[in-house]
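Presented below is the structure to which this report refers.
Computed from the coordinates by the stated procedures, all read-outs in this text should not be read as laboratory data. Worth saying up front: this structure is predicted, and the values here are computed from it rather than measured. Note: ideal-geometry Cβ built from the backbone for every residue, glycine included; neighbour counts use all protein chains shown.
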Amino acid sequence: AQKITQTQPGMFVQEKEAVTLDCTYDTSDPSYGLFWYKQPSSGEMIFLIYQGSYDQQNATEGRYSLNFQKARKSANLVISASQLGDSAMYFCAMREGPGTYKYIFGTGTRLKVLA
Amino acid sequence: DSGVTQTPKHLITATGQRVTLRCSPRSGDLSVYWYQQSLDQGLQFLIQYYNGEERAKGNILERFSAQQFPDLHSELNLSSLELGDSALYFCASSVQGAQGGYTFGSGTRLTVV
C-alpha cells in the first residue's frame, strides 16, 4: 500500500539556520511524484517543491531543496536560512503513477522558528 | 490569492443538515480535486473531476457527492451531517498532468454542532 511517513511531529530551529524535515514513502509504482506543502496558521496550503521519480537531480526552489534518496525512499525537505515566517505545518505528499493525480499526504511536521 | 476560490470560508450547521461547498478553479485548469482535513484523519483525498467528468474517487462517504459544471466550477454536497464531518475542506485545481503540483484554495471550515 502507498504510504507517506513524517516522523517528526514538531521541530524547532533558530532563525537563519537550516533545518531538515523528514519524509519517507512507500510505493511499488516506478512512476510517482513527491511534493512538499506549507500550511501556515491561516490554513491555506502553499506548494513549495516537486520531485519526480525519474528526475536525476534534486529539486530546488529558492531556500527550499529536496534531498531525494530513491533507494532509501526518502524525500526530505531542507529549508536554508530559516525565517520567522517559515513557522508552519509542513506536509509531504506523493502522487502515484502517470494516470492518477490524487495525493497521499503525511501527517505533517510543525516547524517553529525561534528568534 | 492562489486563483482557486472557495466559498464560503466558514460554515456552521447542525447535525442532520445538508450543505454545499463551492469551488472555482484557477483560470485554465480543467481538473478539480476535493480534500478533507480533519484532526484525526489528516488530509484525505475525496474526489477528482476533469472537465466535468469524475476521474478518481477516494475516501468519500456515500452521504457526500460532488459535481463539476460546464463552467468548470465544482460543488461538494454534504448531507445528513454528523459531528465527525467537522473539518477543513479544500478544493485544488491543476492543468491535466499536474506534474508541478496542485494549487489549493483557502478552504472551507465546516463546523457541525
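For a quick check, take a GNM of chain B with Cα springs below 10 Å and name the residue from B:14, B:92, B:66 with the largest mean-square fluctuation.
Taking springs between Cα atoms under 10 Å, the residue moving most is B:14.
So if a site counts as exposed when it's one of the GluC sites (Glu not before Pro), its DSSP state isn't H, G, I, E or B, and it has at most 14 other Cβ atoms within 10 Å, what's the longest stretch of chain B without one?
B:1-61
If the only charges are +1 at each Lys and Arg Cβ and -1 at each Asp and Glu Cβ, what is the size of the charge dipole of the protein assembly as shown around the Cα centre, to the nearest 20 debye?
Once rounded to the nearest 20, the dipole reads 240 debye.
Please report how far the C-alpha centroid of the stretch A:20-55 lies from that of the stretch B:36-52, rounded to the nearest whole angstrom.
Cα centres, the stretch A:20-55 to the stretch B:36-52: 16 Å.
Given the options B:85, B:29, B:71, state which has the largest fluctuation in a GNM of chain B using a 10 Å cut-off (strictly under) for Cα springs.
Greatest mean-square fluctuation among the candidates belongs to B:71.
Antiparallel versus total DSSP beta bridges in the protein assembly as shown: what percent is that, nearest 5? Don't skip to the end; give the middle numbers.
Numbers: 72 of 81 bridges.
Counting only bridges with both partners in the protein assembly as shown, antiparallel ones make up about 90 percent.
Mind checking which lysines have their Cα closer than 17 Å to the Cα of residue A:16? Skip sequence neighbours fewer than 8 apart in that chain.
Cα-Cα hits under 17 Å: A:112.
Can you tell me which of A:54, A:90, A:32 moves the most in a GNM of chain A? Springs connect C-alpha atoms under 10 Å apart.
A:54
Please state the charge dipole magnitude for the stretch B:18-93, taken about the Cα centre, from unit charges on C-beta atoms (+1 on K and R, -1 on D and E), reported in debye and rounded to the nearest 20.
Computed about the Cα centre, the dipole is about 80 debye.
Excluding residues fewer than 8 places away in the same chain, name every one of the lysines whose C-alpha is closer than 21 Å to that of residue B:9.
Of all the lysines, those that pass the test against residue B:9 - Cα under 21 Å, at least 8 places apart if same chain - are A:38.
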